[in-house]
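Working notes, structure below.
The values are calculated or read from the model by the stated rules, or taken from the named source; none is laboratory data. If you're wondering where the values come from, they're calculated on a predicted model, not measured in any experiment. When we count neighbours, we look across all protein chains shown, and the Cβ atoms used for this are built from the backbone with ideal geometry, even at glycine. Ligands, DNA and RNA are stripped out before the accessible areas are found, and what is left, the full protein with its side chains, is counted by its heavy atoms. Shrake-Rupley method; radii C 1.70, N 1.55, O 1.52, S 1.80 Å.
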Amino acid sequence: MEAGMDADRVTWKVSVTGAKGSGKTSLISRIVYDSDAAIGMKRELFRKRFSASLGSRRIIAELLFQELDSSESSASAILNSNAVMVVVDITEQPSYEEAVEIVRYVSGLERRPLTIIVGNKLDRKYEAVVWEDEMKSLQKKYGVEYRFVAAKNGEGIQNLINSLLDGLVSRIAQKRKANA
């Protein structure tokens, strides 16, 4: 970025939740470190800086990724999130069913975070039991986005990041328009 160029700085919290074994930790590791080697990652906030545009303005976005389990204590963390990524292991039907429950909960919140369902393990698509039809159904019913990725090899990760940033930036634009 050029020196002196105006930029808005924002920090957004992104909660990453879903069934045990769906690949939440690997997904965060892939986004933040470009590696699926999640060994030794402790449950904490992981920071990654991105750049985006809002009209002619540049936005420097610090995304804070936090992995959540599906316990009750996660509910308050979701309430304080700007976005929620609900991770589904596409090779496990119970993973999808848990994701539906999470999406149902999030969609009932008064201040609804941006929600993206992430179908993970695309590298194992020959074993998939969760298909695009199920994701489209959730999208239609709850107004959420969905993306398919493989945290293991990085497939689809950039599209996921772009969707996340586009959704968050569009919320800024909507707020500015409403306040104008």
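Toward the positive end of the charge dipole of the chain, with +1 on the Cβ of Lys and Arg and -1 on the Cβ of Asp and Glu, the farthest Cα among LEU138, SER95, GLN158 is that of GLN158. Pairs with C-alpha atoms separated by more than 20 Å, drawn from the list LYS48/LYS136; LYS24/LYS140; LYS140/LYS175; LYS13/LYS177; LYS24/LYS121; LYS136/LYS175, are LYS48/LYS136; LYS24/LYS140; LYS140/LYS175; LYS13/LYS177; LYS136/LYS175. In the stretch 50-125, the DSSP beta bridges split such that about 40 percent are antiparallel, to the nearest 5.
How large is the accessible surface per residue of the chain, computed with a 1.4 Å probe and reported in Å² as a whole number? Please list the in-between numbers first.
Working: 9680 Å² over 180 residues.
Per residue, the chain has 54 Å² of solvent-accessible surface.
Which percent of the accessible area of the chain is formed by carbon and sulfur heavy atoms (probe 1.4 angstrom)?
Numbers: 4560 of 9680 Å².
In the chain, the share of accessible area belonging to carbon and sulfur is 47 percent.
Note on the chain: dipole from Cβ charges, positive end direction compared against VAL86, ASN120, GLN174; the farthest Cα belongs to GLN174. Scanning the chain for trypsin sites (Lys or Arg not before Pro) lying in DSSP loops with no more than 12 further Cβ atoms inside 10 Å, the longest uninterrupted stretch between such sites is 112-180. With both labels modelled 7 Å from their Cα along Cα-to-Cβ, the ALA7 to ARG47 distance reads 1.4 nm. Report the antiparallel proportion of the DSSP beta bridges in the chain as a percent, rounded to a multiple of 5. About 30 percent, rounded to the nearest 5.
Among LEU27, LEU68, LEU168, which one shows the highest mean-square fluctuation when the chain is modelled as a Gaussian network with alpha-carbon springs under 10 Å? Per the Cα network of the chain with a 10 Å cutoff, LEU168 tops the list. Between TYR33 and ALA128, the simple spin-label model (points 7 angstrom out along Cα→Cβ) gives 2.8 nm.
DSSP beta bridges confined to the stretch 80-175 are antiparallel in about 10 percent of cases. Calculated [222 nm] ellipticity per residue, helices only, for the chain: -11500 deg cm²/dmol; basis is -39500 (n - 2.57) per DSSP H run with n ≥ 4, divided by all residues, nearest 500.
Using a Gaussian network model of the chain whose springs link C-alpha atoms within less than 10 Å, name the residue from VAL144, VAL129, VAL87 with the highest mean-square fluctuation. Answer for the Gaussian network model of the chain: VAL129.
When the chain is treated as a GNM with alpha-carbon contacts under 10 Å, the residue of VAL169, VAL84, VAL14 showing the greatest mean-square fluctuation is VAL169.
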